[in-house]
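Below you'll find the structure, written out as structure tokens, and then a few comments.
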Amino acid sequence: MPGRHVRATWRLARVTVHVLRGVWIAWREFDGASEAHRCARIQWWSARLLMLLGITVRPSGRFQSGPQLLAANHVSWLDIMAVHSVCPQARFVSKSDVKAWPLLGWLITQAGTLFIERENKRDALRVVHQAAEALRQGDTVAFFPEGTTSDGRHLLPFHANLLQAAVSSGAPVQPIALRFSEPGHDISPSAIYIGDTTLLDSLWTIAGARGIEVHVSVLAPVASEGLDRRVLVQAVRGRIADALGLSADSATP
């Protein structure tokens, strides 16, 4: 469809300029900048990237103050930007191969991301300790307990390991339910990022779509004190499943 191709090309041209501007801002401003300034820039850049791709953010709920561990379901590579558009102070835990993404990987690193080699159990323990220390220092840490993206219609099993950081530090866990939609589809087919879909394939599909919305639902926090991480992960998963309106079958580990 010529109209879709023109729309995608125009949007991607603007996104490219925006990514380059983000690199310039991070390089020139982040070294020695205040936390407030960094957060303001991260929030602006994330929200504008989504806007340039034609995506509208629909937030609901409120984040509490103080250190917290954010746990969100994982649908797209855009999830980090969606959360950063409403909670720019979040330091994400992300798989290490994200660092290899052209330009975006460098920008994600500059946002304070903690990287993990998911296949390496020793590295997972290192990141748990690092995340716990960040929480003790008052930071907000975020991760995707599914470990990979789903099709948005189901929740994959949640991994409990990183929730140990909340248990160890006494920080609450803040569940976040993410859902992408578009006209005619409660679950956006354009935003799905699974299987053999590459980052460039996903970019092209999203840029050519119309009316995509990302719903960022901030749910009631779960106290971690005195809980085993396996009990905690089931409570968090249940709240996200309920918010997404998933059936028992689609939310069973």
- Using the Cα gyration tensor of the stretch 8-51, with a ≥ b ≥ c the square roots of its eigenvalues, what is the shape: rounded (a/c below 1.5), prolate (a/b larger than b/c) or oblate (neither)? oblate
- Charge sum, other residues only, whose C-beta stays under 15 Å from Val216's C-beta, Lys/Arg counted +1 and Asp/Glu -1: +2
- Task: Please list the non-local residues whose amide H lies under 5 Å from the amide H of Phe115, H modeled 1.01 Å from N, same-chain partners needing a gap of 5 or more.
- Result: Ser94
- Query: Between the stretch 139-211 and the stretch 35-110, what is the C-alpha centre distance in whole Å?
  - Reply: 12
- Message: What number comes out for accessible area per residue over the chain if the probe is 1.4 Å? Units Å², please.
- Response: 48
- What span do the alpha-carbon atoms of the stretch 17-84 cover on each of the three principal axes, reported in whole Å from largest to smallest? 33, 32, 17
- With T = 4 °C, eta = 1.567 mPa s and Kirkwood Rh from C-alpha pairs, the Stokes-Einstein D of the stretch 107-181 in µm²/s is about 95
- Give a residue-ordered list of calculated ³J(HN,Hα) values for the stretch 16-24 (Karplus: 6.51 cos²θ - 1.76 cosθ + 1.60, θ = phi - 60°; whole Hz; x for Gly, Pro). 4, 4, 5, 4, 5, 5, x, 4, 4
- Message: So if I take the alpha carbon set of the stretch 97-246, get Rg, then get Rh from the Kirkwood formula, what is the Rg over Rh ratio?
- Response: 0.98
- Equivalent ellipsoid semi-axes - Cα gyration tensor, the chain, angstrom: 28, 23, 16
- Query: Along the charge dipole of the chain, which of Phe63, His37, His129 sits closest to the positive end, that is, farthest toward it, with unit charges on the beta carbon of Lys, Arg, Asp and Glu (+1, +1, -1, -1)?
  - Reply: His37
- Item | Protein accessible area in the chain, 1.4 Å probe - carbon and sulfur % | 54
- Note on the structure: Expressed in angstrom, Rg and Dmax over the Cα atoms of the stretch 177-253 are 15.8, 48
- Note on the structure: Under the helix-only model (-39500 (n - 2.57) for each DSSP H run of 4 or more, divided by the residues of the chain), the mean residue ellipticity at 222 nm, to 500 deg cm²/dmol, is -13500 deg cm²/dmol
- Task: Starting from the Cα gyration tensor of the stretch 24-130, take the square roots of the eigenvalues, sort them a ≥ b ≥ c, and report rounded, prolate or oblate (rounded when a/c is under 1.5, otherwise prolate if a/b is larger than b/c, else oblate).
- Result: rounded
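The values are calculated or read from the model by the stated rules, or taken from the named source; none is laboratory data. Just so we're clear, the structure is a prediction, and the values are computed from it rather than from any experiment. Positions of Cβ are generated from backbone atoms using ideal geometry, with glycine treated the same way; all protein chains shown enter the neighbour counts. The protein model used for the area step is the full one, side chains on, heavy atoms only, and it has no ligands, DNA or RNA in it. Shrake-Rupley method; radii C 1.70, N 1.55, O 1.52, S 1.80 Å.
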